[in-house]
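Worksheet: the structure to be examined is printed underneath.
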Amino acid sequence: MPQETIHPDHYLLEQLEAAGPFQAAACFQCRKCTNGCPVTFAMDLYPDQVIRLVLLGQRETVLRCNTIWVCAACETCTTRCPNAVKIAELMDCLKEMAVDAGIPCRQPQILTLHEMFLKNLKKRGRVFESTFVPSYQIRSGELKRKWKAGAWRDDLKLGWQMLYKGRFSQVPKSIKGMEEVRVILSRAKQTTHTT
Ligand code: SF4
Ligand code: SF4
């Protein structure tokens, strides 16, 4: 089968490093990131492959892959990397680049979660779970799906138990460093837009 020729291009790496730095160029493909990642089963590219494609400048492939959206930002990869490549942070930056480029997320419910999470962060610096979870379920269509499958009762029961045990707060509260959070978010936005 004929193989597609890859034409290496440094532009994507330069863009990302200007927004980071993420130290992606230090990657020597040891795969420690991938071997520790808990969600590789749902990825179409492994984390080390994303880094390799970034180094080769394969912008379209990287911005259209599922992996950047499936990444749970757990930072296991970043912690394990012997070269201090900031993989989790780079995945976040790639998400923002994909959104800015108008590249549709293949799993829209993940994009909905991402947008809602950032909105909560801008408002209070934290997520107010008591409204966040039901709002997400409605907006993403999860509630409709669970309603049809009769699975909504389990969620309701779980939500009630968490509220009862104090795992969900009843009153929305903002964090003390709200101004710092706003500055961080606005700087992150500016950096991604100017790259
Ligand atoms: S752990 Fe670090 S050096 Fe190893 S493949 Fe992943 S990014 Fe590259
Ligand atoms: S941050 Fe993302 S890529 Fe890294 S280990 Fe966690 S889920 Fe995998």
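For PHE128, no residue whose modelled amide H falls within less than 5 Å of its own remains once neighbours fewer than 5 places apart on the same chain are excluded. Scalar couplings 3J(HN,Hα) for the stretch 169-177, obtained by applying the Karplus form with A = 6.51, B = -1.76, C = 1.60 to θ = phi - 60°, are 6, 8, 10, x, 10, 8, 7, 6, x Hz; x denotes Gly and Pro. Annotation for the stretch 92-195: trypsin sites (Lys or Arg not before Pro) lying in DSSP loop with at most 15 further Cβ atoms inside 10 Å of their Cβ are ARG106, LYS165, ARG167, LYS173, LYS176. Put in order of Cβ neighbour count within 10 Å, fewest first, the listed residues TYR46, TYR164 become TYR164, TYR46. Anisotropy class assigned to the chain is prolate, per the alpha carbon gyration tensor with a/c at or over the 1.5 cut-off and a/b larger than b/c.
A simple spin-label model places the labels of TRP147 and ASP9 4.5 nm from each other, with each point 7 Å out along Cα-to-Cβ. For the pair LEU156 and PHE117, label points projected 7 Å from Cα toward Cβ lie 2.8 nm apart.
Using just the helices of the chain, give the 222 nm mean residue ellipticity in deg cm²/dmol: DSSP H runs with n ≥ 4 each add -39,500 (n - 2.57), and the total is spread over all residues, rounded to 500.
For the chain, the value works out to -18000 deg cm²/dmol.
Annotation: the residues CYS105, CYS30, sorted from fewest to most other C-beta atoms within 10 Å of their own C-beta, follow the order CYS30, CYS105. Contact order for the stretch 108-176, expressed relative to its length and based on alpha carbon pairs under 8 Å spaced 6+ residues apart, stands at 40 percent.
When each of PHE22, PHE132, PHE41 is scored by the number of other beta-carbon atoms lying within 10 Å, the sequence from fewest to most is PHE41, PHE132, PHE22.
None of the figures in this text is laboratory data; all of them are computed from the coordinates on show. Quick caveat, the model's predicted, so the values are computed rather than measured. Positions of Cβ are backbone-derived with ideal geometry, glycine not excepted, and every protein chain shown enters the neighbour counts.
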